[in-house]
Structures are given as structure tokens and as C-alpha cells.
There are 2 protein chains.
Amino acid sequence: MSWPHYLQQHQPRFIQQLMDFLRIPSVSAEPALLPEVWRCAQWLQQRLVDAGLESVEILPAGEYPLVYAEWLHAEEGAPTILIYGHFDVQPAGDEALWIHPPFEPWIADGRLYGRGATDDKGNMLVPVLTIEALLRTQGRLPVNVKLLFEGQEEILSPDLPGFICQHKARLNCDLAVSADGWQWSESEADLRTGLRGLCALEIEVNGPRQELHSGSYGGALANPIHALASLIAGLHDENGQVAVPGFYQQVQAVNSAERQALAAIPFSESTFLARSGAPALSGESGYSTLERIGLRPTLEVNGITGGYDGPGVKTIIPARASAKITCRLVPNQQPEQIAHCVAEALRQRAPAGITLAVTVLPNAAHPYRMPLEHPGNQSASRVLRRLYGREPYYTKSGGSIAVLSLIEQELGVGTVVFGFGLPDEQFHSPNEFFRLEQFARGQMAWGQLLEELALTKWA
Amino acid sequence: MSWPHYLQQHQPRFIQQLMDFLRIPSVSAEPALLPEVWRCAQWLQQRLVDAGLESVEILPAGEYPLVYAEWLHAEEGAPTILIYGHFDVQPAGDEALWIHPPFEPWIADGRLYGRGATDDKGNMLVPVLTIEALLRTQGRLPVNVKLLFEGQEEILSPDLPGFICQHKARLNCDLAVSADGWQWSESEADLRTGLRGLCALEIEVNGPRQELHSGSYGGALANPIHALASLIAGLHDENGQVAVPGFYQQVQAVNSAERQALAAIPFSESTFLARSGAPALSGESGYSTLERIGLRPTLEVNGITGGYDGPGVKTIIPARASAKITCRLVPNQQPEQIAHCVAEALRQRAPAGITLAVTVLPNAAHPYRMPLEHPGNQSASRVLRRLYGREPYYTKSGGSIAVLSLIEQELGVGTVVFGFGLPDEQFHSPNEFFRLEQFARGQMAWGQLLEELALTKWA
């Protein structure tokens, strides 16, 4: 039996297994769910063993598990490919917004729904299934593979730098391929040659020791919510630029080649807007939507809380208010440095009558670039061209995958971004889903990619 | 036995009964606790019957109960006094900040702790106990009394206007006395001749249909938290004034007599600050702390929420952000009109890329003034002078009691504010308490007040 035939025959089982995978609420951001992240690692370990992989191990990175596996019996001279993905997922958010519970996956209209369906459980299972098909039908793989699946990507992999540094020798490879990635649409491929970096901060504003009656104290003490609101309002100027000294200092101006490359993509702002459900587009003056997302850095407040949030009215001055901030970064911004600039700007602007605490969080990712000319990208491009019958788009992603720059720094190799999610699949949102057609197509693509990489000349 | 002796003898039982009263979590702001508000009304009904009151009834006002009782057998020519209080309480807030659970009252150092201890269950029980003592020892009261205890004061009595209007005849009286009130300190009395009014609004800012990945959308859509923060930041100017057109239009300038009256009070800003636990005083330029609280209107954001509030990082653009606002008002601001001004200012400043919904809430109170020369205040003043051995302070309260202006409008009589809570008793905050000494002193004071009012000339 050919491996594509094997894949086709086993789709129903693979779908059931992905649903089992999705039932485990491996939310890395919620400490209470840490045991579920470990349970998920155990499920994955067994799945990798079943696929025929070897040396399958759960390894700790901080409090979180990683799962490692390998198969290193390819022909002499074949390259070694490090395959990356993650099995932790975003928090479900407001469960009331989900059609069904987020960890009880369901299928409708050829889509498999559930938290993690596309980001990244569905996508990371794809190469495992391909490897199983290759090993079961051919008894071998065209290349050596090392698989590294982490359980802390959604919290920006705070323990991954230490882990990779510590396991350099074991992770040694010729190329990495990330199964965390996206395509453009059902009929158009997308090879991402860059991702944004990220840094994260928390602001806490403290006022009175505890919440106070707004009649007895209102007007005579600073209100922490007012203070926080004015700090946040000051973080952007009227042109939508981040109003933090030093924020843009290392940012390269967008050049005309980049502009042209993005302008060549048949991107529909109205489709993008409709998908978002927002009333209008917005952002930094002088840039298109694709430029704002791919080429420009941003600062977003991801959450804010303070005072009374129950029904009706509570006439208080709150004791505190807090907010969470993340910045998306572009070359050559350094996460630590940018976080420091933001923290410094906030501290300098702290109004009187409150105390301000700004914490730079360990979650960080460096911006990443992978030249199109890289033999890994060239191989991926050929596979995508064959599979889609047309040239892929070459884009920059607005997202961040911390591991990419780590692999480059520590292992000295580039990473091909080779996932099969589509941008409308509600990752990080309620009712996340993965198209079952993309799930199957991804398995085919990975098989072809491993074959292509075996034929590529490696230094 | 004299009535003061009766009161003395029965303190232990009264304290136990107050603790029973406090065990009922009659939180009017929480719809789920509405049955507890009704259970509390039933407890109170029984207690009023036990005190010897007549026509004791639970009457509905909207979804909330009121408890009415009367005793109308005083000598001919004696005035009829309407006694007001409320048995609903503030939400407990963060229970972790309470030494013991908020609805499991405890006594320490002569203080009875629990939500509602001072505001207002302890204070409203005081005249009931006094009436019991008078009826048991003398078989009669010096005046006719009508008691009206409501269960929705902490949500600003949305159904009270309709209720009072509907029951005008039954509530007809010569004077009202509110058992919801305060004294200055353990050794200094305080007769409040004014309270601030109040209006309430909610702001909701909506952006994307649901929360979105900040990598895929960040920088290209307006963030509802940023929009809300800039709206809130715009509500005050650099002098701490409310930056809303029309907000101060009806406000009378503070006159020198008012200034002098407040300046004569030995108010310690440092004690006030220490009690608040805030790092510094703050507020409208050009006014003292007492003026800011008593004579000037304010706008406070009581709560804000939006986006991710869990542990760690969640890289999203939130779908919405919302805030709760209340304004404290002074003569001659109209709650409806001020709420309208604030809503209008917010709507005109709504940034692009989001939709804004501002809702004026039904919770409102008119500012209230009761001249010191009023015979009711003169009687109260005499009682306080006798009890404290010195002249009371005559102050303006920063708080709001919606019923006061309603009684004036609908029943045509003024209200003496005659409560015995002290300003440090953490009302609306965790670990609210009531001094047992004030509890007993209040009972004595009410007995003397009823006797004084019988001697007062009424038109």
C-alpha cells in the first residue's frame, strides 16, 4: 500500500484520535490546568509510540512537559529534520460564546470544532500521522526526524530557551519545520518568511488599601481606574503610533520591495473586516492592513480589570486596577529592551495619588525572518506549488512563535513554517475549528516535504 | 422599670438578634440573592411584631420587599414621625479580604463585624429596639410612628419613587428621621444637613465580534480597551474637574459661609488619608478635602472590565470592554440631566473603529439639603448636645440617600439624619463593623429624640 493510500484509509481513525487529543484541556495559562497539560503529554507520548517513533520521552521544561521522539535510520547522507509543534492551547474564554463546550469537540460541515483544533493540536498531529503512514507502508522515512512538541507555547515558552540550550546535542539537526503555521485559503498556499516577536507586561495601579465608599471618599482620593485609563490612553498617539520613547528606534523603515510583495497579494480588506466583525479598520496612519500586521510593531492591552464587575451599581472607589499588555515586535526590536521602554514610559507618567507597579513578564519572542532563498523554504515552496497548482504567496505573519528564533540562535538552523490552518479558523477565539480537508491535505504535504528534503543538497 | 434600664438589661439579646439579622445575605445588587432580601424582610417583619408595632406588612416595590409598621396611639396633638432605614446590604466583594466570612458576624474588641453591621442593619435596628423598650416599660410612645424599611437602598432605590407616590396617604407624617446616618467620632456628634445626589451609567465599547488573535489582527483594528481607556481619561481635566460640558452648569459656587463652617471642623487630612490607605490625597484643585466630599460633585468609575483576566498572558484583541460610572451630585444638579450630559460627552468622543453603548441606569438620587433651623434638626441637635456634652458638628455628607429628596417631594416633609455609625466602620468595604457602644448609645438617643419631638411645636 502506498503511504497516501494508507493516509486516506485511516482518516476516520485519525479524526477520532484528534478528537481525543482535543478533549484534554491542556491550557498552559491556567495553573489549575497544569495537570491536564501533563496528561496531554502522556496521551501524545503514547500516540508517538504507536506511530512507530523511537526514544519517545516526556521531558520537563520548568513546570511544563515537552514530548520528544525521533527516528534516525534514514539512508546515509539524508538530512535530520527537527519537527516542532505544541500541544498546549489557549484558555477557552467565555464558554457561553461556544456553540458546544470547548473541550467537547464536534464536527459540522466538514469542520472539527474545539479549543486547539487548528492551534495547534490538529496541525501538530499531521506530521505524526504522515510518519506513521510512511513507516507502516515503507518501513522507513526518507529523512531522519526529531520531533519536539512543547506544552507552553501559548504562554510564550518561558522555559524553552533553557531547555533548548541544555539539549543542543540531542536536538542537533539540518533544518527545523514548524507544524504551527497557516495557509492563505482553501485554494491558495502561503509560505511565511517572517513572524513578529513579542514581549509582555502587567500594570497594577494601587490606590486605597481596600475599596472605599465613593460618597465618603469620592473626589478626595485618586481613583486607580482613572489613573490606569490615562496611562493606557497615553500609550498611543493620534496617528495610532505607540507613544513610548525608544519603541521604534530599532525598527527598519518598510522598504518598497516589501511593500510591493505585500501589495501583490490579493488581500481583501473588506473580507478581513467582515471576518473580524469590527465596525471599521483602524491602525497606524500611512500603512496598509497587511503592512500593519506583517511589518509594523504594535502594543495591545489584552485585558483590564478593576473595581466592581457584578450586576447593578456599587458606589466605590476601587483599591486597584490592572491591565495586561503585549507588544508585537519586528526586526530588530529586542523584546527585553522594548518591554523596558514601555515600563519606563509608564513609570514616568504615573499620576500622583496612586502607586504603580509594572512587571515585565518572562513571556517573550524575538522577531523572526527566514529568507525565501533558504533551501528549506525552496523545498516547501515546491511542495505547495505542486499541491495547490499555483505559486504560494510569500507573506509575513503578525503572530509570534518563540521557538523559531531560539532554534536559529541555539541550533544554528532555519525553520520552515509549514502548517495547514486557515486564518478564519478562530484560533484564540470561541468556536475554534480545523477543516478536515486541510487536516488530510497537510498529511499529504508533509509526506511530500520529507521526500523533497531528502533530495535537497545540505551543506 | 425605666426605658433606659430596659435597654441596658436587654443589650445581650439585642446583640444576638443583630447577629441573626446580619447572617441573612440580603445583597440587593445580586439578582441571585433576591430571595435572601425577601427572607430578611420576613425576619424583620417578625422582629417588628415582637417589638409591639402594629400593621406590620411586607409590601413589594418592584422586585424588592419593603417592610412597613406603625404605632399611632400617641396623645392627641403628638406629631407623626416616619422612621426610615434599609435592610439590604452592599455586596461582600472579595471574600478573601474578610477576616471571617462576611455573613458570619463576629465580635472583637467591642465591635460587631459583618456585612451590613453599620450600613444599615445595626443602625436601622436601633429605633426598633428603642420603641420596644418604650412600649414595654411605658405602654406607649411619646409620638406616633410609621416605620419604613426598604430592601433596595444599596442599588439606589429604583422602585422607591413609585412606591412612595402610591402610598402617600399611608406615609403621611410631620417629619421623617433616617436611621441611615453617621456621627463624627466616639466623642463628637455630627448632624448632617446635606447629602450628595447620585446618577449612574454604564459604558460598553464593542470592537470585533469576538476576541481575536493579536498577531493576526493586532494593529489593524481598534482595541476596545484602548478606546474605553481614552474615553475615561477624557472625563477629567488636569485640574481634577469633570470634563463634561454642562456638568457644573447648575452647581452653586461654594460660598464663604459654607467654607467657614467646614473649616471649623477639626478634620484631620492625615487621619483621613491614613484610614484610606492611599498614598496621597487628590482631587479638584482649589478645594479642601471636606469641600471636595461635601460640596463638590464628582464622577468616579466604579468598575472596569475587558479582555483576558486570567493568569499569565493571552494574546488577544478583546471583543469588548465596559465600565460602570457614578456621579455624586450637589444642589442644583438633576441626576437625569447630568447622566445625559455624561452620556452625550462620551458619545461625541467615541473613537472610530468601535461601537459605543452608554446606558443611563435607573439608580438615582437628588442632592438633599435640610436647614439646621428646621425644628427636626433643632430637636436632634439638642439630643446630641445632651448626649455628647458638646455642640455637634454640622456637616454635609458625601454620600447619597435617595429616599430623602423623595420624602421631601412626595410627602412634603424634611428628614433628620440620625444614625450612629462612625466613618471608619468600613461600610461598603471588607470587614465592616459597628461599635457596640454606638449601638447602645443610639438606642438612648432615639428615645430622647422621640421625647423631644413630642415637645416640639409642629405647624
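Relative to the longest principal axis of chain A, what angle (0 to 90°, nearest 10) does the C-alpha long axis of helix A:335-349 take? Long axis of A:335-349 versus the principal axis of chain A: about 10 degrees.
In whole percent, how big is the carbon plus sulfur part of the accessible area of the protein assembly as shown, probe 1.4 Å, protein atoms only? It would help to have the intermediate numbers written out before the result.
On the way: 15520 of 31480 Å².
The nonpolar share, carbon plus sulfur, comes to 49 percent.
Where does each of A:437-447, A:296-306 land if you order them by average Cβ count within 10 Å, highest first?
Values: A:437-447: 22.3, A:296-306: 25.5.
The packing order, highest mean first, is A:296-306, A:437-447.
With its label point put 7 Å out from Cα toward Cβ, residue B:378 sits 10.4 nm from the same residue's point in the other copies, in order from shortest. The shape of the stretch B:151-218 comes out oblate: with a ≥ b ≥ c from the C-alpha gyration tensor, a/c is at least 1.5 while a/b does not beat b/c.
Against the globular-protein guess of 2.2 N^0.38 Å, express the Cα radius of gyration of the stretch B:285-330 as a ratio, rounded to two decimals. Can you show the working numbers first?
On the way: Rg = 17.0 Å, N = 46, 2.2 N^0.38 = 9.4 Å.
Compactness ratio reported: 1.80.
Starting from the label point of residue B:57 at 7 Å along Cα→Cβ, the same points in the other copies fall at 8.2 nm, in ascending order. Per residue, the convex hull spanned by the Cα atoms of chain A measures out at 154 cubic angstrom.
Normalising the average separation of contacting C-alpha pairs (under 8 angstrom, six or more residues apart) by the number of residues puts the relative contact order of chain B at 25 percent.
Taking the Cα centre of each part, how many Å lie between the stretch B:372-388 and the stretch A:155-192? For the stretch B:372-388 versus the stretch A:155-192, the Cα centre distance is 79 Å. Distances between copies of residue B:250, taken at a point 7 Å out from Cα along the Cα→Cβ vector and listed shortest first: 5.7 nm. Averaging Cα coordinates gives a centre for the stretch B:251-319 and one for the stretch A:258-337; these two points are 32 Å apart.
Each chain gives up part of its surface: A and B jointly bury about 7200 Å² of accessible area, both sides summed, for a 1.4 Å probe.
Measuring heavy-atom accessible area with a 1.4 angstrom probe and counting protein chains only, the residues of the stretch B:182-219 that give up at least 30 Å² relative to the chain alone are B:209, B:210, B:211, B:213, B:214, B:215, B:216, B:217, B:218, B:219. Taking 24 Å as the limit for the C-alpha separation, the pairs B:168/B:324; A:121/B:314; A:168/A:396; B:121/B:324; B:121/B:146; A:121/A:146 exceed it in the case of B:168/B:324; A:168/A:396; B:121/B:324. Across the stretch A:347-446, the mean sequence separation of Cα contacts (distance under 8 Å, 6 or more residues apart), normalised by length, yields a relative contact order of 23 percent.
Among the residues of B:423-432, the average count of other protein chain beta-carbon atoms within 10 Å of the residue beta-carbon is 4. When the other protein chains are added to the chain by itself, burial of at least 10 square angstrom of heavy-atom accessible area (probe 1.4 Å, ligands and nucleic acids ignored) affects these residues of the stretch B:90-107: B:90, B:91, B:93, B:97. With a cut-off of 8 Å between alpha carbons and a minimum separation of six or more residues, what is the relative contact order of the stretch A:60-143 in percent? So the answer I get is 35 percent.
Here the peptides A:217-227, B:210-220, A:344-354 are ranked by packing, the mean other Cβ count within 10 Å, and the order with the highest first is A:217-227, B:210-220, A:344-354. The accessible-area loss of the stretch A:224-254 on complex formation, taken against its chain alone with a 1.4 Å probe, reaches 30 Å² or more at A:225, A:226, A:229, A:232, A:233. Shown here for the stretch B:121-212: chymotrypsin sites (Phe, Trp or Tyr not before Pro) in loop regions (DSSP other than H, G, I, E, B) with at most 12 other Cβ atoms within 10 Å, of which there are none. Between the Cα long axis of helix A:436-455 and the first principal axis of chain A there is an angle of about 60°, rounded to the nearest 10. Computed over the stretch A:185-255, the percent of Cα pairs more than 14 Å apart is 77. Rounded to the nearest 5, the antiparallel percentage of DSSP beta bridges internal to chain A is 70%.
According to the calculation over all Cα-Cα pairs in the stretch A:1-121, the P(r) per 5 Å bin from zero is 2, 10, 17, 20, 19, 14, 10, 6, 2, 1, 0 %.
Hey, what's the protein assembly as shown come to in accessible area per residue, 1.4 Å probe, Å²?
About 34 Å² of surface per residue is accessible.
The values are calculated or read from the model by the stated rules, or taken from the named source; none is laboratory data. Keep in mind that what you see is a predicted model, and the values were worked out from it rather than measured. Every residue, glycine among them, receives a Cβ derived from its backbone with ideal geometry; neighbour counts consider all protein chains shown. Side chains included, ligands, DNA and RNA excluded: accessible areas come from the protein's heavy atoms. Shrake-Rupley method; radii C 1.70, N 1.55, O 1.52, S 1.80 Å.
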